[in-house]
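*Asks:* First the structure, then my questions, so here it is.
Read-outs throughout are calculated quantities, based only on the coordinates presented, and are distinct from any laboratory measurement. Worth saying up front: this structure is predicted, and the values here are computed from it rather than measured. Cβ atoms come from the backbone with ideal geometry, glycine included; neighbour counts cover every protein chain shown.
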Amino acid sequence: MELEFVRWLTEQMATRPQVVLGIGDDAAVVELPAATQLVVAADMLTDGVHFEVGKHSPERIGRKSLAVNLSDLAAMAATPLACVVSLNVPREHAKTTLPQQLMRGIAELADEFACPIVGGDTNVTSGPLVVSVTVLGSVATQKFWTRSGAQVGDRLLVTGSLGGSIAGHHFDFTPRVTEALALAAMFDIHAAMDISDGLSLDLSRMLEASGVGAIVDPPRVPITSAARELTKTSGKTPLDHALNDGEDFELLLAVSPQVAKQLLQEQPLSCGLSDVGEITAEKQLCQRDSEGNVTPLQARGFEHK
């Protein structure tokens, strides 16, 4: 399977200027722009955990496998350079078009973000389908974002709307790479991360990394229509979905009050920006209702175990 698959893949891949040597040798060679640093992220998606073969199309599975990695680059304000893809293909699918369909889904998104596939590996096993993607990105020296820079008094902003990703968003979302690069070029972002496991849980991770606390203002949290629709059958409130569902893949940002004011007034992103709270000195995650009452907020969401 492997030789034929590599031959097919090589024929499909478009070349990019940053690729000095692509698929076909023992390793690829990618040009790193001057005065930049390399950013690397990797995610492994498994059948039965992140998707279901038979229920979800291979193209959507492939697309998601790259998209979650591009979201990680967005969280670091990094420009995509290239990616490598490894497949663990179940024996019953080895002679089907499943691998090619997966790669088509990946390649379409890779082309959209100028992130060519430059290598990887394939295995045929008795286990579940596993898609492992590693992305390479670049960022100007020491200009990368981290989750550890939040400062007392910062405002917390999120892109887009949250909750209800299970309705389809977790496959079809657009990684906020373009938005992150635009913000990084114009504004001082103190801390950032993507919201992959839920706003409350991911915010708690930012707080731990930064050594601070936060107060979330639930009335300000932007909620998707999908989350509101889910409440009809889930028994949860729209806010519960927005805070805890996960796989939103929006950006969570900590910025100074001055930058927050400018961003909220100008709204430079088509997906929108919302102020959902503030960073505090007390190392606790809390919520504040519309009457100003502050109570603890439990960090919940998807945890990898």
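*Asks:* Quick one: if the Förster radius is 30 Å, what FRET efficiency do Arg104 and Glu229 give, using the C-beta to C-beta distance and rounding to 0.05?
*Replies:* Computed FRET efficiency for Arg104 and Glu229: 0.50.
*Asks:* Any idea what the dipole of the chain comes to, in debye rounded to 20, about its Cα centre with Lys/Arg Cβ at +1 and Asp/Glu Cβ at -1?
*Replies:* Dipole magnitude for the chain comes out near 220 debye.
*Asks:* While we're looking at this one, here's another question. Checking the cross-link filter: which lysines have an alpha carbon closer than 26 Å to that of Lys95, excluding same-chain neighbours under 8 positions apart?
*Replies:* Lys55, Lys64
*Asks:* Is any residue of region 113-144 close enough, with backbone N under 12 Å, to a label point placed 7 angstrom from the Cα of Ala94 along the Cα-Cβ axis, and if so, which?
*Replies:* The answer is 123-127.
*Asks:* Check cross-link reach from Lys143 to the aspartates and glutamates: straight Cα distance under 14 Å, and skip same-chain residues fewer than eight apart.
*Replies:* In chain and number order, the partners are Asp188.
*Asks:* Could you point to the residue in Leu239, Ala74, Leu273 farthest towards the positive end of the chain's charge dipole, with +1 and -1 charges on the Cβ of Lys/Arg and Asp/Glu respectively?
*Replies:* Of the listed residues, the answer is Leu239.
*Asks:* Before anything else, pin down the relative contact order of region 155-296: Cα pairs under 8 Å, at least 6 apart, normalised by residue count, whole percent.
*Replies:* With pairs under 8 Å counted, the relative contact order is 45 percent.
*Asks:* May I pose another question? Enter the per residue convex hull volume of region 82-196, computed from alpha-carbon coordinates, in Å³ rounded to the nearest integer.
*Replies:* 153
*Asks:* What ranking do 148-154, 279-285 get when scored by the average of other Cβ atoms within 10 Å per residue, highest first? Each step should come with its number before you reach the end.
*Replies:* Numbers: 148-154: 17.6, 279-285: 15.9.
Highest-to-lowest ranking by the protection proxy: 148-154, 279-285.
*Asks:* What nm distance separates the two modelled labels at Glu291 and Gln267, each placed 7 Å from Cα along Cα→Cβ?
*Replies:* That separation, rounded to one decimal, is 3.1 nm.
*Asks:* How compact and how long is the chain, expressed as Rg and Dmax of its alpha-carbon atoms in Å?
*Replies:* Cα only, the chain: 20.2, 65 Å (Rg, Dmax).
*Asks:* Next question, about the same structure. How big is the charge dipole of region 2-140 about its Cα centre, in debye rounded to the nearest 20, if each Lys and Arg gets +1 on its Cβ and each Asp and Glu gets -1 on its Cβ?
*Replies:* 260
*Asks:* At 37 °C and a viscosity of 0.692 mPa s, what translational diffusion coefficient does Stokes-Einstein give for region 2-140, taking Rh as the Kirkwood radius over Cα pairs? Give it in µm²/s as a whole number. Write down the numbers at each step before the final one.
*Replies:* Details: Rh = 15.2 Å.
Translational diffusion coefficient: 217 µm²/s.
*Asks:* Less than 15 Å apart at the alpha-carbon level, and either on another chain or at least 8 residues along: which aspartates and glutamates does that give for Lys232?
*Replies:* Within the straight-line cut-off, Lys232 pairs with Asp240.
*Asks:* Putting +1 on Lys and Arg Cβ atoms and -1 on Asp and Glu Cβ atoms, find which of Phe113, Pro222, His56 reaches farthest to the positive end of the dipole of the chain.
*Replies:* In the chain, that residue is Pro222.
*Asks:* Related question: What does the extension gain come out to for Gln151 and Val29, with contour length at 0.36 nm per residue minus their alpha carbon separation?
*Replies:* Gain in length upon complete extension: 40.0 nm.
*Asks:* Per residue of the chain, what 222 nm ellipticity follows from adding -39500 (n - 2.57) for every DSSP H run with n ≥ 4, rounded to the nearest 500? Intermediate values should be presented prior to the final figure.
*Replies:* Numbers: 9 runs with 97 residues, N = 305.
When only DSSP H runs of four or more count, the value is -9500 deg cm²/dmol.
*Asks:* Quick check on region 155-296: what does the Kirkwood estimate of hydrodynamic radius come out to from the alpha carbon pairs, in Å? Write down the numbers at each step before the final one.
*Replies:* Working: mean 1/r = 0.0654 Å⁻¹.
Answer for region 155-296: a Kirkwood hydrodynamic radius of 15.3 Å.
*Asks:* Based on Cβ point charges of +1 for Lys and Arg and -1 for Asp and Glu, what charge dipole magnitude is obtained for region 155-296 about its Cα centre, in debye rounded to the nearest 20?
*Replies:* Taking the Cα centre of region 155-296 as origin, the dipole is about 160 debye.
*Asks:* Another question, then. Just for region 2-140, what percent of DSSP beta bridges are antiparallel, to the closest 5?
*Replies:* Antiparallel bridges: around 65 percent, rounded to the nearest 5.
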